[in-house]
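Asker: Below is the structure I would like to discuss, written out as structure tokens.
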Amino acid sequence: MAIQLNDVRFAYPEAPNDCVLNIKSWSVSDQEHVFVHGPSGGGKSTLLNLLSGMLDANAGQVNVLGQRLDSMGARQRDHFRANHIGYIFQQFNLVPYIDAIDNIQLAHQFSNQQSLSDEIKSLLSSFHIPQSEWHKPVGRLSIGQQQRIAIARAMINKPELLIADEPTSSLDHNNRDNFMSELMAMVSEHRVTLLFVSHDMSLANYFGRTDAFSEINTSGEHN
Amino acid sequence: MFFRLAVKSLLNRKGSIMLTIMAMAVSIFVLLGVEHIRGQSKQSFNSTVSGADLIVGARTGSMNLLLYSVFRMGSPTNNIDWQTYQNISANPKVAWAIPISLGDSHKGFRVMGTTTDYFTYFSYGKKRQLSFSKGKPFEQVFDVVLGAQVAKKLNYTLGANIILAHGLGKTSFSMHDQSPFKVVGILAPTGTPVDQTVHVSLQGIEAVHIDWQQIANMSGGAVSQKQIQALELELEPKTITAFMLGLTSRMNTFRVQRDINNYSNEPLTAILPGVALAELWQMMGLLENTLRLISGLILVAALLGLSAMMLASIRERKYEIHLLRVIGAPPWFLFFLVELEALLVSFVSMLVGITGLYLSLLIAGDVLSTDFGMHIGLNILSFNNVLFLLLVAGSTVIAAAIPSFMAYKSASIGR
């Protein structure tokens, strides 16, 4: 199993009685491509932060790629995230004032793996980023290009799990289709488990499995 | 990579960073400038007189004697008898003596009567002797040797005829405009009050004061060589203002000082110039510390500005911090990133401040030495100033701790 959650509860420390997540049982198998849809503000990002180890669950088992995140320390989780999980957001995926190569290099820096700049360059080429754009601060590139570099950045450490949090929301229709086909090709090629979260149901046809967030998280029903 | 990220992050915020650097650079400029000029002026102050073992004048306070004999400031309380000078300088423990006779001026510069021994024995700084940039010591009654600044300010060259006035004002009522003094020598700059002094022989001083116009009139306007020689005999000084002594052995200094202080014919005071200089400088200690305090406070203000600027940037960089966390940066990475940025700002400020100070001293050096008689060296990085720079770096780390901790904290929450 790539992801296995059992009896997971989470509330932010500022509002300990307001249970944001309450998940009885939910799992994703290896190399599965899962689309999770639901309205914004429903706790989707919180779930993703739990899975990446940015947040720590109050109770329950969080099993990601065969490791128990809930029993790890903060430093171990940072390390685990750098080495095993790729992450793409809706926006602010890149440090705007450094160039594409540095952005990818930076992501690489926190992992244990050895890689060459050749690898970065071939990644950028495979995402159709022209060589002339490699050394510009990414803040000056188009949003479409930035999101494609974000995939490259998320893939540089060869993660087993890729988490995408509304990555297409800031793209127009054309860019969105390009982005999706490049993303899907990339995850298939590298045999990566993909967890894709969005409110845009029209993206569901790219995926083999579609879950409604409201079915995963039962916190709303109990409180 | 860490370093590159910090540099590029700073470049990305050029505007506010530039202003912060300016503020820090100005404060470092002031801090180092005050310290440098303080050190330099102390050095030049302490080196105004170095060869003399004792300075002797009429009974007075040691400060007063030092001020009028060495710095040509204030007025002597009383003169001493020429016979007294001769008695004391005849003491076998005395190697040399330089008589000083003050009280006259030339266009605002003090005129000092002395003997040619002055050019042989007087020394300043690290035992440096007076040297002539032009001409030679005075030989005759109406010969004049100018300090470097006097010559420069009044535009005098060798052979110029000048008029000496009785009294100290620039426009004295009793102008002795018949005394035809002639410039025979100009001293090299020393950075001491010597530069602002007009030197004549003791006989010259006497000549200013006697009514020698009659002699001139008798010989039909022109003064013959013979008359001048006759005059010299007549011009034996009756009194002098003070004198400097060099002893054959330093071991005898206190003994000779006691003997002079107990001199029975006339009340005298003998001082050790080094001790008196140190005492005088100590009186300026309060001013020194005030200047240091002010420059320190300016630095604190600049550092607070740096801290505030960094703190504001943390809020701006919320997404960036979150992103760095997601790609695996531990919280301490963000703490040190902000600290490194602050240190970089501080180092650039130091460079700008030091360069600015160096250039200012280079440009202002000429004005300072001709108008204020201050010789300021260009070696800014003294031990003290390097210590100050390290202190600035240390304070930067402390001042940046608050924004760095905020970055660390916002990283830990992870939302």
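Asker: Just to confirm, what accessible area per residue do you get for chain A at 1.4 Å probe, in whole Å²?
Answerer: 43 Å²
Asker: Right, something else. Using only DSSP helix segments of four residues or longer, with each worth -39500 (n - 2.57), what per-residue ellipticity at 222 nm results for chain B after dividing by its residue count and rounding to 500?
Answerer: -18000 deg cm²/dmol
Asker: Other chains' Cβ within 10 Å of A:75-87 residues: what's the mean? Mind showing how you got there, number by number?
Answerer: Numbers: counts 3, 0, 3, 10, 2, 1, 5, 5, 1, 1, 3, 2, 4.
Average neighbour count from other chains, rounded to a whole number: 3.
Asker: Please state, as a whole number in µm²/s, the translational diffusion coefficient that the Stokes-Einstein equation yields for the stretch A:79-214 at 37 °C and 0.692 mPa s, with Rh defined as the Kirkwood radius across alpha carbon pairs.
Answerer: Working: Rh = 15.1 Å.
In µm²/s, the coefficient is 218.
Asker: Give a residue-ordered list of calculated ³J(HN,Hα) values for the stretch A:80-90 (Karplus: 6.51 cos²θ - 1.76 cosθ + 1.60, θ = phi - 60°; whole Hz; x for Gly, Pro).
Answerer: Computed from phi, the couplings for the stretch A:80-90 are 4, 4, 4, 8, 10, 10, x, 9, 10, 9, 5 Hz.
Asker: Please compute the modelled spin-label separation between A:S29 and B:S264, points set 7 Å along Cα→Cβ, answer in nm with one decimal.
Answerer: Result for the modelled spin labels: 12.7 nm.
Asker: Report the local net charge at A:G60: Lys and Arg +1, Asp and Glu -1, summed over other residues whose C-beta lies under 10 Å from its C-beta.
Answerer: Charge balance near A:G60 sits at 0.
Asker: Let me ask something else. Using a 1.4 angstrom probe, figure out how much accessible area chain B has per residue, in square angstrom, rounded to the nearest whole.
Answerer: On the way: 19730 Å² over 415 residues.
On a per-residue basis, chain B sits at 48 Å².
Asker: Pick from B:L277, B:L324, B:L299: which is most flexible by mean-square fluctuation in a GNM of chain B where alpha carbon atoms under 10 Å apart are linked?
Answerer: Among B:L277, B:L324, B:L299, the largest mean-square fluctuation in the Gaussian network model of chain B belongs to B:L324.
Asker: Express the carbon and sulfur contribution to the solvent-accessible surface of chain A as a percent, rounded to the nearest whole number, probe 1.4 angstrom.
Answerer: On the way: 4440 of 9660 Å².
Carbon plus sulfur share of accessible area: 46 percent.
Asker: Let me ask something else. With a 10 Å cut-off between alpha carbons and a GNM built on chain B, which of B:T355, B:T48, B:T115 moves the most?
Answerer: Between B:T355, B:T48, B:T115, it is B:T355 that shows the largest mean-square fluctuation.
Asker: Whole angstrom only: what separates the Cα centroid of the stretch B:1-75 from the Cα centroid of the stretch A:141-214?
Answerer: 64 Å
Asker: Now, a different point. Return the Rg/Rh value of the protein assembly as shown, two decimal places, where both radii are evaluated on C-alpha atoms and Rh is the Kirkwood radius.
Answerer: Rounded to two decimals, Rg over Rh is 1.34.
Asker: Taking all protein chains together and a probe of 1.4 Å, list A:E189, B:E35 from the most accessible to the least accessible. Intermediate values should be presented prior to the final figure.
Answerer: Working: A:E189 130, B:E35 10 Å².
Ranked list, largest accessible area first: A:E189, B:E35.
Asker: I would also like to ask the following. What does DSSP give for the protein assembly as shown in terms of the percent of beta bridges that are antiparallel, rounded to the nearest 5? Numbers along the way, then the final one.
Answerer: Numbers: 48 of 75 bridges.
Counting only bridges with both partners in the protein assembly as shown, antiparallel ones make up about 65 percent.
Asker: Continuing with the same structure: Over the whole of B:6-12, what's the average partner chain Cβ count within 10 Å per residue? Rounded to a whole number, please.
Answerer: Taking the mean over all residues of the peptide, I get 3.
Asker: For B:E288, what charge total do you get from the other residues with a beta carbon under 11 Å from its beta carbon, if Lys and Arg give +1 and Asp and Glu give -1?
Answerer: +2
Asker: Counting Lys +1, Arg +1, Asp -1, Glu -1, what net charge surrounds B:T116 among other residues with beta carbon under 13 Å of its beta carbon?
Answerer: Once positives and negatives cancel, what remains is -2.
Asker: Taking just the alpha carbons, could you work out the radius of gyration and Dmax for chain B, both in angstroms?
Answerer: Reported Rg and Dmax, both Å: 31.0, 109.
Asker: So, one more: Determine, for each peptide in B:331-343, B:82-94, A:37-49, the mean count of other beta carbons within 10 angstrom over its residues, then list the peptides with the highest first.
Answerer: By packing density, highest mean first, the sequence is B:331-343, A:37-49, B:82-94.
Asker: I've got another one for you. Using a Förster distance of 30 angstrom, determine the FRET efficiency expected from the C-beta separation of A:A212 and A:R68, and round it to 0.05.
Answerer: With a Förster radius of 30 Å, E is 0.65.
Asker: Who wins for biggest fluctuation among B:S41, B:S249, B:S50 in a Gaussian network model of chain B, springs between alpha carbons below 10 Å?
Answerer: In the Gaussian network model the winner is B:S249.
Asker: Taking beta carbons within 10 Å but only from partner chains, what does the mean come to for residues A:90-99?
Answerer: Taking the mean over all residues of the peptide, I get 5.
Asker: Could you check how much of the accessible area of the stretch B:55-154 is carbon and sulfur, as a whole percent, using a 1.4 Å probe?
Answerer: Details: 1980 of 4090 Å².
Of the solvent-accessible surface of the stretch B:55-154, carbon and sulfur hold 49 percent.
Asker: Let me ask another. Report which residues of the stretch B:311-330 become buried by 30 Å² or more of accessible surface when going from the isolated chain to the complete set of protein chains (1.4 Å probe; DNA, RNA and ligands ignored).
Answerer: Flagged in the stretch B:311-330: B:Y319, B:E320, B:H322, B:L323, B:R325, B:V326, B:I327, B:G328.
The values are calculated or read from the model by the stated rules, or taken from the named source; none is laboratory data. Here the structure is a predicted model, which is why all the values come from computation and not from measurement. Cβ atoms come from the backbone with ideal geometry, glycine included; neighbour counts cover every protein chain shown. Note: areas computed on protein heavy atoms with side chains; ligands, DNA, RNA excluded. Shrake-Rupley method; radii C 1.70, N 1.55, O 1.52, S 1.80 Å.
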